[in-house]
Amino acid sequence: MMYNLLLRAAPLLALVALIVAITLLAGIADTVTSRRVILSLVNVVCVVGLYIFMGNSGVLNFSSVGFMAIGAYVAALLTMPAGPKAMFLPDLPIWLAAAELPALAGPFVGGLFCAAVALVVGLPIMRLSGIAAAIATFSLMFICYIVLGNWTSMTGGQISLMGLKAYVGLWTACAFAVGAVAVAFAYQETRWALALRASREDAVAAQASGIQVARLRLGAFVLGAFVCGAGGALYGHFQGTLRVESFYLDPTFLLVTMLVVGGMRSLTGAVVGCLVVSLLTEVLRLAEVGIPLPGTGITLTAAAGFGDVVLAALMLVILLFRPNGITGGREILGNLARSERTHDQI
Amino acid sequence: MSGLVQIAVDALSLGGLYALTALGIGLIFSVMRLANFAHAELVTCAAYALFALSGQPLVMAFSGAIVMAVALAVITERIAFRPLRRADPTTLMIASFTVSMLIQKLLIFTLGSRPKSLDPVPALSQAVFIGSTQVSLLKLVTIGVCAVLLLALTLFLKRTSFGLQMRAAAENFTMAQLTGVRANAVIVVAFALSGVLAAVVALLFAAQSGFVQPRLGVPLMITAFVATVIGGMGSLVGAVIGGLLVGIVTTLLQAYLPPDLRPFREAFVFALVILALLVRPNGLFPARGLKERI
């Protein structure tokens, strides 16, 4: 029994081991590298949040960056020290100006707020499917961007919000990444996720078998929004500053790229895609700085902006030649439990 | 009274631009179920062509813009969308988002992200009077150009053989192929037409905004998407009416919203989309043949 459970959880354990290993490696690296690793761990949280809905339901979702933004601002407003808060946002309501929760509560409160928002807006949106759903979630992201960018009394509008507690270090990021992966894995083992994946494969057949597609999608959407909101809060408290511009088209594209490159149909795909794309961006960033060729004294330098071009081109190539991503929608060690079950039957 | 004329001109010129953009997106969607995000870059690149040819006579510059947009449309179709024609709409949509970002990044990489100023048609930057109301000539011309183009496109679709093939392909692509419509030709013509529309939009929009930058087309494209969704994806009439509607609603919101809420104008428009989708998930004018058969 215990053994079976262990086999069933093998993909989760493998992913957790991978994340912890990377964190350990980053611990002995220099500060710059370790900061890049923290950022990619925060991205793991967000991509996993995106995966929870998009991977299980198969419905395209462009709104996750919007939820990141909401989570980041909610966490910032509730945990910022009163001094900087009064300086940057003098027009806050009194109760909000006085609020100062412990820093670590930020991601959870931000996530919960996002979940509540997702519940309200998801109720209507989840009735849509296909392109209509994609456009609706895109509109949602756009609404978040416009509202946060213009609600000057609450968010500072176009000005950066500074003075957030930058408490997100290597192990905090690692813990949250592991947490997000665990939540996603636990969710995808439930019967609701199984039914949702059935609707992904064939919506009509699923409905005919009594699956209430809209309701299940809503559940995944709310859970995904919670994780994305927490990820956004971590992002804000890693950078120490917040700009609405950092929650717009570029990160939307980055998150979708990470998920699609890894393979949007599996949790392993979400994690691996995020790590691979982060690694690639880092290599390309180094190329923009200049890579010295050993022994020759020549430095290879790519022009600024080159990395973004390569990343987009790579994404296109992956879509054309391997549309199911690196993992092809399989889980790492995912066949252990399955083969075991077959043996039982025999 | 004068306020009303002003608002009407604003609404129709904005709505016209949205309608032309929505039509460019709708043409592609109707024949291959592709929601083409890269339409934004057709507009942007055409505007850059106008900028590059800004010393030349208008006819030259505009031809350059058309060539640019049509070539880009056809090339993206060939490289990115044709291999994916049998993929599901979700993959196609991600692919078009990727193409859009790729061109944007290429523009930033090669030309920089700083806005460049241009004034393609200086003759239009004056005001004229309708009765006692002063309105911009550019906006009147925009309305005129949109009306003429819509008429021309209608004639093309209704009176020419290619138009007939295109409407057939929009209704039922497989069936059209079986009756001898050449799929590649129809799709390439649809892309080329959307390129022409994008070039016209680029000219009118660049004349209004007075500058060009790598993301010029993005807000237009997003709004036009909304318009096609409201109108009914796959329906060309729907795209035009949706575009006009969005233009009118945006102008009315700008005119009548309380000043503190005006910056949120677009948010209201997008919220209306979500509402519209709830009441009519297939849009106001659902396209025939869009319903999936089981």
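The values are calculated or read from the model by the stated rules, or taken from the named source; none is laboratory data. Note that the structure is predicted; figures quoted are calculated from it, not measured. Counting neighbours? That spans all protein chains shown, and the Cβs are built from the backbone with ideal geometry, glycine included.
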Within the stretch A:293-315, identify whether any single residue is under 22 Å from A:Val59 (Cβ atoms) and either at pLDDT below 85 or within 14 Å of chain B (Cβ to nearest Cβ) (or both), and answer yes or no.
yes
Of all residues in the stretch B:81-107 being at the interface with chain A (Cβ under 7 Å from one of its Cβ atoms) and of a type in the set (Val, Ile, Thr), which is surrounded by the most Cβ atoms within 10 Å (Cβ to Cβ)?
B:Thr98
Specify which of the listed residues (B:Ala199, B:Ala206) is surrounded by 14 or more Cβ atoms within 10 Å (Cβ to Cβ), assigned to a helix (DSSP H, G or I) and touching a strand residue (DSSP E or B) at 6+ places or on another chain (Cβ under 7 Å).
B:Ala206
What single numbered condition from (1) within 14 Å of chain A (Cβ to nearest Cβ); (2) under 18 Å from B:Met32 (Cα atoms); (3) in contact with a Leu (Cβ under 7 Å, 6 or more places away or on another chain); (4) crowded, with 20+ Cβ neighbours inside 10 Å fails to hold for B:Leu72?
(1)
Across (1) at pLDDT 85 or above; (2) under 12 Å from A:Val244 (Cα atoms); (3) out of contact with any Gly (no Cβ under 9 Å at 6 or more places or on another chain); (4) surrounded by 20 or more Cβ atoms within 10 Å (Cβ to Cβ), A:Ile125 clears everything bar (2)
Flag for A:Phe226 being more than 19 Å from A:Gly325 (Cβ to Cβ), of a type outside the set (Lys, Arg), buried (at least 19 other Cβ atoms within 10 Å of the Cβ) and modelled with pLDDT of 95 or more
yes
I need the full set of residues from the stretch B:246-283 which are within 18 Å of A:Leu148 (Cα to Cα), among the hydrophobic types (A, V, I, L, M, F, W, C) and within 7 Å of chain A (Cβ to nearest Cβ), in order please.
B:Phe264, B:Ala267, B:Phe270, B:Ala271
Please determine whether any residue of the stretch A:2-25 is in a loop (DSSP other than H, G, I, E, B), within 22 Å of the chain's Cα centre (by Cα), surrounded by 14 or more Cβ atoms within 10 Å (Cβ to Cβ) and touching a residue at least 24 places away in the same chain (Cβ under 8 Å).
yes
Residues that are farther than 25 Å from B:Ala224 by Cβ and within 14 Å of another protein chain (Cβ to nearest Cβ): list the helices (runs of 4 or more DSSP H) wholly contained in the stretch A:60-146 that include at least 1 such residues.
A:64-79, A:105-125
Give me a count of the residues in the stretch A:157-177 that are crowded, with 21+ Cβ neighbours inside 10 Å and either assigned to a helix (DSSP H, G or I) or on the phi > 0 side of the Ramachandran plot (or both).
4
Which one is surrounded by the most Cβ atoms within 10 Å (Cβ to Cβ), of the residues in the stretch B:215-266 that are in contact (Cβ under 8 Å) with a residue 60 or more places away in the chain and outside any helix (DSSP H, G or I)?
B:Met233
What residue, among those in the stretch B:186-245 that are out of contact with any His (no Cβ under 7 Å at 6 or more places or on another chain) and among the polar types (S, T, N, Q), is modelled with the lowest pLDDT?
B:Ser235
Considering only the stretch A:270-284, how many residues are in contact (Cβ under 8 Å) with a residue 40 or more places away in the chain and either charged (D, E, K, R) or within 14 Å of chain B (Cβ to nearest Cβ) (or both)?
2
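Among the listed residues B:Ala73, B:Ala69, B:Ala46, which satisfies the condition of being at negative phi, in contact with a Cys (Cβ under 9 Å, 6 or more places away or on another chain) and modelled with pLDDT of 95 or more?
Working: B:Ala73 fails: in contact with a Cys (Cβ under 9 Å, 6 or more places away or on another chain); B:Ala46 fails: in contact with a Cys (Cβ under 9 Å, 6 or more places away or on another chain).
The conditions single out B:Ala69.
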Would you please name the residue that is nearest to B:Ile230 (Cα to Cα), looking only at residues in the stretch B:277-294 that are assigned to a helix (DSSP H, G or I) and modelled with pLDDT under 80?
B:Leu277
Give the residues of the stretch A:37-50 that are away from chain B (no Cβ under 14 Å) and closer than 15 Å to A:Val261 by Cβ, sorted by residue number.
A:Ser40, A:Asn43, A:Val44, A:Cys46, A:Val47, A:Val48
Inside the stretch A:235-258, can you point out the residues that are over 25 Å from B:Leu106 (Cβ atoms) and over 14 Å from the mean Cα position of the chain (by Cα)?
A:His237, A:Phe238, A:Gln239, A:Gly240, A:Thr241, A:Leu242, A:Val244
Within the stretch B:10-17, is there a residue that is modelled with pLDDT of 90 or more, over 30 Å from B:Leu137 (Cα atoms) and surrounded by 19 or more Cβ atoms within 10 Å (Cβ to Cβ)?
no
What number of residues within the stretch B:200-215 are among the β-branched types (Val, Ile, Thr) and more than 12 Å from B:Leu42 (Cα to Cα)?
1
